[in-house]
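A.B. asks: Below is a structure I'd like to ask you about.
Taken together, the values in this text are just the output of simple stated rules run on the coordinates, not laboratory data. Because the structure is predicted, anything quoted here is derived from the model rather than measured. All Cβ positions, glycine included, derive from the backbone under ideal geometry; neighbour counts span all protein chains shown.
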Amino acid sequence: MSKYNVAIVGATGAVGEELVRVLEDLEFPVADLLPLASARSAGGHIEFKGKNILVEELTENIFEGRDIDIAFFSAGGSVSAKYAKYAVEAGAVVIDNTSHFRMDPKVPLVVPEVNPEDIVHWCDTGIIANPNCSTIQMVQLLKPLHDLYGIKRVDVSTYQAASGAGKEGMEELVKEMQAFFAFKLDEYKAEAFVHQIALNVIPHIDVPQPNGYTKEEMKMIDETNKIMHSDFAVSATCVRVPVLRSHSESITITFADNVVVDVDKARAVLGDFENVVVMDDIENNEYPMPITSTDTDLTFVGRIRKDLYADNILHIWGVADQIRVGAATNSIRIAQKWIKSEEYN
Ligand code: A2P
């Protein structure tokens, strides 16, 4: 089997560290690993397959002569904007986990279970974009239902974990809880989030837009139709909750006017979909929660029920690990499919 030289930009961050773990867990065929970060953590080490590997500083010419096949970028949009081109020029395919290239019409935006056929367009720019974490887990649930009935509209409210704001976000939640137990929470100044996140929920993720939505909400709206090659209506309300990792979503799906939803059929197509697990037995307190999905590569769905007033509306509850399914695992699944498509060509 061929092996690939892999670079991880942002290797010391929450997603970067998970990328290293998922490469190991999925036995990705890595020849050499090049971990990159800012000057702050260059010189440190990360552990990969029992070996300590030096973290190097990301610079414009770091990719030259390194023969990198695949470069995962997860260090923020401005870093991808500046440095992705150097990795591409040096011959790598870039799998970008930031929002920077996602809506570029020339860049494929891929969830491998949903639109693997788009990966071949990587050669237009050398870049494949990994969607927003909340979008990934939602489209994995929408795709089989869209194929079954045809979606007309989706209304989603998210319950997003602190991990979406990286290590800084998770640390802030923990530190605020510690301050709470030390009776010092009123002295703590929130930095990663715009308000205190401990013991609170914040209906505001990312930058407000002129239309009243936030950038996070617009990402879910725009990316969903790009990935699914669809044009149905989507509305999103994105909310940060005091959970460490794993996002939850309450999703209301309106199908074509003539559809009469059969809940058993909906449950069956969801259960048959790759990497989706149905957990739906409320009588026995069974439904997915963040503690169900954390540290797994699966997207869980439960609370599947028909609307009380309209035959063509279904309500579902989806949960997935934001750092794995919503970022690292999806990126590595893209790389696996990319390898297959290259071998095929
Ligand atoms: P560093 O550890 O040197 O700051 P998170 O999303 O958990 O906050 O992690 C962000 C990741 O992106 C870290 O690995 C961080 O490295 C990296 N990063 C941030 N800014 C830069 C930059 N200008 N150049 C390279 N890596 C960066």
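A.B. asks: Using only the alpha carbons of the range 168-260, what is the convex hull's orientation-averaged projected area in square nanometres?
C.D. replies: Numbers: hull surface 33.5 nm².
It is 8.4 nm².
A.B. asks: Normalised by the empirical 2.2 N^0.38 Å for globular proteins, what value does the Cα Rg of the range 4-134 take?
C.D. replies: Values: Rg = 13.9 Å, N = 131, 2.2 N^0.38 = 14.0 Å.
Rounded to two decimals, the normalised Rg is 0.99.
A.B. asks: Hey, another quick one. Scale the Cα Rg of the chain by the rule-of-thumb value 2.2 N^0.38 Å and send over the ratio, two decimals.
C.D. replies: On the way: Rg = 20.3 Å, N = 345, 2.2 N^0.38 = 20.3 Å.
Computed over Cα atoms of the chain, the ratio equals 1.00.
A.B. asks: Using only Cα atoms, find the angle between the long axis of helix 215-228 and the longest principal axis of the chain, and express it within 0 to 90 degrees, rounded to the nearest 10.
C.D. replies: For helix 215-228, the angle is close to 90 degrees.
A.B. asks: Let me ask something additional. Could you give the dipole magnitude of the chain about its Cα centre, charging the beta-carbon of Lys and Arg +1 and that of Asp and Glu -1, in debye to the nearest 20? Let's see the in-between values first.
C.D. replies: Numbers: 31 positive and 52 negative charges, 79 e Å.
Using Cβ point charges on Lys, Arg, Asp and Glu, the chain gives about 380 debye.
A.B. asks: Sticking with this structure for a sec: Take the Cβ-Cβ distance between L199 and N285 as r, set R0 to 25 Å, and report the resulting FRET efficiency rounded to the nearest 0.05. Walk me through the numbers on the way to the answer.
C.D. replies: Working: r = 24 Å, r/R0 = 0.97.
Once rounded, the FRET efficiency stands at 0.55.
A.B. asks: Which order do the peptides 220-227, 309-316 take when ranked by the mean count of other beta-carbon atoms within 10 Å per residue, highest first? Don't skip to the answer; put the middle values down first.
C.D. replies: Numbers: 220-227: 20.9, 309-316: 16.9.
Highest to lowest by the protection proxy: 220-227, 309-316.
A.B. asks: Once the Cα gyration tensor of the range 243-343 is diagonalised, what are the square roots of 5 times its eigenvalues, in whole Å and ordered largest first, as equivalent ellipsoid semi-axes?
C.D. replies: The three semi-axes for the range 243-343 are 27, 18, 11 Å.
A.B. asks: Quick check on my link table: of K106/K226; K51/K85; K152/K306; K51/K167; K219/K337, which ones sit more than 19 Å apart, alpha carbon to alpha carbon? Please report the intermediate quantities before stating the final value.
C.D. replies: Numbers: K106/K226 12 Å; K51/K85 29 Å; K152/K306 16 Å; K51/K167 23 Å; K219/K337 24 Å.
Going by Cα-Cα distance, K51/K85; K51/K167; K219/K337 fall outside the 19 Å limit.
A.B. asks: Take V174 and E89, extend 7 Å from each Cα along the Cα→Cβ direction, and tell me the distance between the two endpoints in nm.
C.D. replies: Using points 7 Å along Cα→Cβ, the separation is 3.9 nm.
A.B. asks: Can you give me the long-range amide H partners of I68? Hydrogens built in the peptide plane at 1.01 Å from N, cutoff under 5 Å, separation of 5 or more residues or another chain.
C.D. replies: Here nothing satisfies the definition.
A.B. asks: Report the full-extension gain for the segment K184 to K265: residue separation times 0.36 nm, less the Cα-Cα distance, to one decimal in nm. Display every interim value, and only then the final one.
C.D. replies: On the way: separation 81, 0.36 × 81 = 29.16 nm, distance 5.18 nm.
Stretched out fully, the K184 to K265 stretch lengthens by 24.0 nm.
A.B. asks: If you don't mind, there's one more thing I want to ask. Kirkwood hydrodynamic radius of the range 107-240 from all distinct Cα pairs, in Å?
C.D. replies: Numbers: mean 1/r = 0.0598 Å⁻¹.
Taking every pair of different Cα atoms in the range 107-240, averaging 1/r and inverting gives 16.7 Å.
A.B. asks: Quick check: Cα centre of the range 286-335 to Cα centre of the range 156-172, how many Å?
C.D. replies: What the calculation gives is 16 Å, centre to centre.
A.B. asks: Oh, and also: Where does each of V111, V79 land when they are ranked from fewest to most other beta-carbon atoms within 10 angstrom? Kindly include the intermediate steps, with their values, before the conclusion.
C.D. replies: Numbers: V111 25, V79 20.
Going from least to most buried by this count: V79, V111.
A.B. asks: May I pose another question? Of P144, T125, P108, which is farthest towards the positive pole of the range 106-199's charge dipole, taken about the Cα centre with +1 and -1 on the beta-carbons of Lys, Arg and Asp, Glu respectively?
C.D. replies: P144
A.B. asks: Read phi for every residue in the range 21-38 and hand back ³J(HN,Hα) as whole Hz from Karplus 6.51 cos²θ - 1.76 cosθ + 1.60, θ = phi - 60°, with x for Gly and Pro.
C.D. replies: Rounded to whole hertz, the list is 5, 6, 4, 5, 4, 8, 6, 5, x, 8, 7, 10, 10, 10, x, 10, 8, 7.
A.B. asks: Expressed in nm to one decimal, what extension gain is obtained for the pair L26 and K306 from 0.36 nm per residue of sequence separation less their Cα-Cα distance? Kindly include the intermediate steps, with their values, before the conclusion.
C.D. replies: Details: separation 280, 0.36 × 280 = 100.80 nm, distance 3.68 nm.
Extending this stretch completely gives an extra 97.1 nm.
A.B. asks: Sorted by average packing, counted as other Cβ atoms within 10 angstrom per residue and highest first, what order do 231-244, 84-97 take? Walk me through the intermediate numbers first.
C.D. replies: On the way: 231-244: 18.2, 84-97: 21.7.
Ranked from most to least packed, the peptides come out as 84-97, 231-244.
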